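The values are calculated or read from the model by the stated rules, or taken from the named source; none is laboratory data. Here the structure is a predicted model, which is why all the values come from computation and not from measurement. No Cβ is skipped: glycine too gets one built from the backbone with ideal geometry, and neighbour counts run over all protein chains shown.
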Amino acid sequence: MHNLRFVGLTFLILIISLSSFAGVSISVNVAPPALPVYEQPPCPGDGYIWTPGYWAYGPEGYYWVPGTWTMPPTAGLLWTPGYWGWGNGVYVWHAGYWGPHIGFYGGVNYGFGYVGTGYEGGYWRNRHFYYNRTVNNVTITNIHVYHKTVINNVTVNRISYNGGHGGIIARPTHEQEMWGRERHFRATNLQNDHEHDASRNRGFLASENHGRPAIAATSRPREFHGPRVMPTHEERSPLSGRETQMAPRPNSGDRANDRRAGREEMNGSRTSQPTHESLPENLSPHDNVRGHDNGSRHGNGNSHENGPQHDGHSNHGHDQHPR
């Protein structure tokens, strides 16, 4: 009998572990709050990718997970943000993931290059990430940067969910559906720890902060204190940002110019680059990002300032699991 109980307990633990590995679907019958307005903290180093903040859901309701810079599981991967989507009478959370292309994220304009479709914050080339300073807060020198201004041709708002009453009306394109079936990687352990830490802080609860968390963004995951922690700001008029022109995807000539610009902005000798695994197959350096960006400088763009405006494309992850 004792052995039977032990086997049963072992089986239960196995089931829980497999469920965790497969991911848990979260559904809620109340829409998440609007995205807060905040500025992007400075990029802490070469190879870091911006992951925008979002509203997660726990036993006490919605809570804010601050946007943060983090390292991808390997060079060549880009972050597709998660989003809340209406379906079958509830709001369902579609978790973000790492992959060679930016997939569908509900049309939510998270700012900082994530303008509802694609990504204009930077791109990978030869295992190096090139940052668009028009939508990113990049101040360090030993890093590849370029400038590309684009116009925000989507509705400017702070809506944080797709579908349902008052939600964003957007559907994935054929390419996004195709990219959604690519081999993906879940959020890194550090990203998961970042979200878990936020869930334990009552200050992040929407019921406590009324949609205005004191900490809206951090320079690195789990760093909720210090000078590089960004607070929520008052909402600005969507017309307060400067207008910019839509820029086409770089052609071969643009890429050559980007390469020269990157060299010119590299002051001093090149520092050692982050260690990554090899670039995934089927990755094409400029096909991994599509989208149109907004025109706010270091705020999240829309009425919400989540993203500094520095043009570009697209943490140390541990124990990554393909989706």
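The figures follow:
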item: Answer residue from segment 75-122, given it is surrounded by 24 or more Cβ atoms within 10 Å (Cβ to Cβ) and aliphatic (A, V, I, L, M) and is farthest from ILE159 (Cα to Cα) among those; result: LEU77
item: Scope segment 114-135; condition touching a His at 6+ places or on another chain (Cβ under 6 Å) and either assigned to a strand (DSSP E or B) or closer than 11 Å to ALA75 by Cα (or both); matching residues; result: VAL115, GLY122, TYR123, HIS128, TYR130, ASN132
item: Unique match (being over 21 Å from SER27 (Cα atoms) and among the small types (Gly, Ala, Ser)) among GLY203, GLY167, GLY163, GLY180; result: GLY203
item: Test: residue in segment 42-65 that is buried (at least 20 other Cβ atoms within 10 Å of the Cβ), at pLDDT 95 or above, in contact with a Leu (Cβ under 8 Å, 6 or more places away or on another chain) and of a type in the set (A, V, I, L, M); result: yes
item: Check on GLU175, over 24 Å from ARG220 (Cα atoms) and either touching a strand residue (DSSP E or B) at 6+ places or on another chain (Cβ under 6 Å) or of a type in the set (Asp, Glu) (or both); result: yes
